[in-house]
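Visitor: Just passing along the structure, written as structure tokens.
The values are calculated or read from the model by the stated rules, or taken from the named source; none is laboratory data. If you're wondering where the values come from, they're calculated on a predicted model, not measured in any experiment. Cβ atoms come from the backbone with ideal geometry, glycine included; neighbour counts cover every protein chain shown. Areas reflect the complete protein model, heavy atoms only, side chains present, ligands, DNA and RNA absent. Shrake-Rupley method; radii C 1.70, N 1.55, O 1.52, S 1.80 Å.
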Amino acid sequence: MRRPSFPPLIALTILLGTAPASVLATAPASAEPVVAREVAERLAAAIRFPTVSHQDPEQFDGAPFDALLDYLAETYPRTHALQVERVNRHSLLIEWPGSDASLPPALFMSHLDVVPVELAAAEGWTHPPFAGVIADGFVWGRGALDVKNGVILWLEAAERLLASGFTPQRSLFFAFGHDEEIGGEAGAAKIAARLKEKGLHFAFLVDEGGFISEDLGLVPGRRVAQINTAEKTYFTIQITARGEGGHSSTPPPHTAVGKLATAIHRLEANPLPLRLTRPVRDLLEALAPHVPTGRRLALGNLWLTAPFVIRSMAEDPFQAALLRTTTAVTMVEGGVKENVVPKHASATVNFRILPGETPDDVLDHVRRTIADPEIEISHTEWSAAPRPGRVTGLGYGVLQDAVEAVHPDVVVVPGMLMGATDTRHFADLVEDAYRFIGNSVTRAQVTGFHGTDERIGVDSMGDGVRVHEEILRRAGTP
Ligand SMILES: [Zn+2]
């Protein structure tokens, strides 16, 4: 099938060579209208490359990644005529040099890999997860929301601006890792090392992890764009109980499983304290002018009302997770036979740590709470989330202005992401990190993240290109 590549305008400008700088610098955003259907088809094509990240590295298959990178190079020729590098073979780094080297560059990120679709789950999909079907106004498939849409939006926007003759003053970088879903060590971390080698430091970065919500109800009756200025730090521990093994007919008072159960109960019964951090305070204060009177007074006077607001938010599990480091006991193992007392049992506990708290704080809390020196505590590698981005930062202004330029009706607010992204690999390379993609997403679609029937609106992709074009143009023109 001949895939629609970019409008013939490209061929023309390549033939004519580049126009003089003075003309380019003031060139408006591409006059070409965005054809949402064509953008959707290019996303659908990208979805058909099953670039899956498996927990077991043995299962890694590089071929779909190579094919996807070839497809992107063919489909976005102007962008790939910039300084392009394949990092660690499967990740992509593109540099669009600006005309003013004194300006710190900006970095735009996404990732090429997707989470697996369990075979049993695949049957539950309306359209096969890797077929890249466009139907009922949606592009369906694994990666439509997380996050090949992001890859496509940045490349569409860059290609359009290049086609219009735009040259940034500030250098713009694009970084697409190939293993975000399994931690980013082979992708984003290698790209970060490359950028460090080049001695670069960025004014701001924009990665996945925020969108325009149609109906999530943050502001009744209004669409809300959430630019997440922070994310929690992902931290996992293992707790292990040991005990006398033996025959279950003569059991000890507490088996290893029993001791473990006590430890788990104590952790669940004693969550970490509630705390209103800067990013969440910024969110509530930004919401205040847009909510009904009662809430407006409460959210607009947090110096006075914070204890009351915290208490009412804590009643809802989702809002409570915005206010504390969460504890989730996710896996247990122990015991081999019903009539054998096991020698050990262990559990995996995943924490999502609030900005301003550290894994050491969590380990202290765990030791104090379990209060049993016999319970062994170990933990996996971790890397801290970047410090929260400032709502007064250059990048936040660029994002807010770009959204409002395309969607004047949308309410723009900051926020905090519960999940984790590749931004942590760039923590010491950037001033401010933001998480946002210019797509509109409904409550019904949110379950598609790592779930079934992942899909993105065709029109949302069209509008998304316009938002991302505005972001790049504003970032490039200080
Ligand atoms: Zn993702």
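Visitor: Considering only residues that are open to solvent by 60 Å² or more (accessible area, probe 1.4 Å), at pLDDT 95 or above and within 18 Å of L429 (Cβ to Cβ), look in segment 375-404 and name the one that is nearest to the chain's Cα centre (by Cα).
Guide: Taking the candidates together, the pick is R390.
Visitor: Pairs needed: first member in segment 188-208, in the same structural domain as T392 (by TED's automatic domain parsing); second member anywhere, basic (K, R); C-beta distance under 8 Å; at least 6 residues apart or different chains.
Guide: A203/R170; V206/R435; D207/R435; E208/R435
Visitor: When segment 395-413 is examined, which residues are found to be of a type outside the set (S, T, N, Q) and under 19 Å from L107 (Cα atoms)?
Guide: Within segment 395-413, G395, Y396, G397, V398, L399, D401, A402, V403 meet the criteria.
Visitor: Same structure again: Quick check on this structure: which one of A256, A225 is in contact with a strand residue (DSSP E or B) (Cβ under 9 Å, 6 or more places away or on another chain), small (G, A, S) and under 30 Å from N149 (Cα atoms)?
Guide: Just one listed residue meets the conditions, A225.
Visitor: Residues of segment 166-185 being more than 16 Å from the chain's Cα centre (by Cα) and over 19 Å from K196 (Cβ atoms), which ones? Spell out the reasoning first.
Guide: As a first pass, look at segment 166-185 and keep what is more than 16 Å from the chain's Cα centre (by Cα): 166-173.
F166, T167, P168, Q169, R170, listed by residue number.
Visitor: Filter segment 387-425 for residues that are assigned to a loop (DSSP other than H, G, I, E, B), more than 16 Å from the ligand (Cβ to nearest atom) and under 27 Å from I182 (Cα atoms) and give the result.
Guide: R387, P388, G389
Visitor: Can you find even one residue in segment 186-195 that is more than 16 Å from the ligand (Cβ to nearest atom), open to solvent by less than 10 Å² (accessible area, probe 1.4 Å) and hydrophobic (A, V, I, L, M, F, W, C)?
Guide: yes
Visitor: Looking at (1) open to solvent by 30 Å² or more (accessible area, probe 1.4 Å); (2) farther than 20 Å from D179 by Cβ; (3) modelled with pLDDT under 95, which one does H450 not meet, given that it meets all the others?
Guide: Failed condition: (2).
Visitor: Out of D428, D361, D422, D372, I need the residue that is open to solvent by 20 Å² or more (accessible area, probe 1.4 Å), of a type outside the set (G, A, S) and assigned by TED's automatic domain parsing to the domain that holds L153. Which one?
Guide: Unique residue meeting the criteria: D428.
Visitor: Another question, then. Limited to segment 284-339, what total is found for residues that are part of a loop (DSSP other than H, G, I, E, B), open to solvent by less than 60 Å² (accessible area, probe 1.4 Å) and free of Cβ contacts under 8 Å to residues at least 12 places away in the same chain?
Guide: The total comes to 2.
Visitor: Sticking with this one: When segment 430-473 is examined, which residues are found to be part of a helix (DSSP H, G or I) and small (G, A, S)?
Guide: Of everything in segment 430-473, those that are part of a helix (DSSP H, G or I) and small (G, A, S) turn out to be A444, S460, G462, G464.
Visitor: Also: Are any of the residues in segment 93-100 at pLDDT 95 or above and either within 28 Å of R455 (Cβ to Cβ) or among the polar types (S, T, N, Q) (or both)?
Guide: Our first condition is that a residue be at pLDDT 95 or above; within segment 93-100, this holds for 93-100.
Remaining after also requiring either within 28 Å of R455 (Cβ to Cβ) or among the polar types (S, T, N, Q) (or both): 94, 99.
Yes, that holds for at least one residue.
Visitor: For segment 405-419, which residues satisfy the criterion of being open to solvent by 10 Å² or more (accessible area, probe 1.4 Å), small (G, A, S) and modelled with pLDDT of 95 or more?
Guide: A405 - this is the single residue of segment 405-419 that is open to solvent by 10 Å² or more (accessible area, probe 1.4 Å), small (G, A, S) and modelled with pLDDT of 95 or more.
Visitor: Right, next: Out of G294, G243, I need the residue that is more than 16 Å from V413 (Cα to Cα), small (G, A, S) and touching a Pro at 6+ places or on another chain (Cβ under 8 Å). Which one?
Guide: Within the list G294, G243, the selection yields G243.
Visitor: Of all residues in segment 196-228 being of a type in the set (G, A, S) and buried (at least 19 other Cβ atoms within 10 Å of the Cβ), which is farthest from the ligand (Cβ to nearest atom)?
Guide: To start, the set of residues in segment 196-228 that are of a type in the set (G, A, S) comprises 199, 203, 209-210, 213, 217, 221, 225.
Going one step further and asking which of them are buried (at least 19 other Cβ atoms within 10 Å of the Cβ), we end up with 203, 209-210, 213, 225.
Values: A203: 23, G209: 8, G210: 12, S213: 17, A225: 18 Å.
By that ranking, first place goes to A203.
Visitor: Does P279 satisfy the condition of being assigned by TED's automatic domain parsing to the domain that holds E357 and open to solvent by 30 Å² or more (accessible area, probe 1.4 Å)?
Guide: no
Visitor: Condition test on V403, is it within 17 Å of S213 (Cα to Cα), touching a helix residue (DSSP H, G or I) at 6+ places or on another chain (Cβ under 8 Å) and in contact (Cβ under 8 Å) with a residue 40 or more places away in the chain?
Guide: Yes.
Visitor: Counting only residues that are open to solvent by less than 10 Å² (accessible area, probe 1.4 Å) and closer than 18 Å to L417 by Cβ, how many does segment 229-247 have?
Guide: 5
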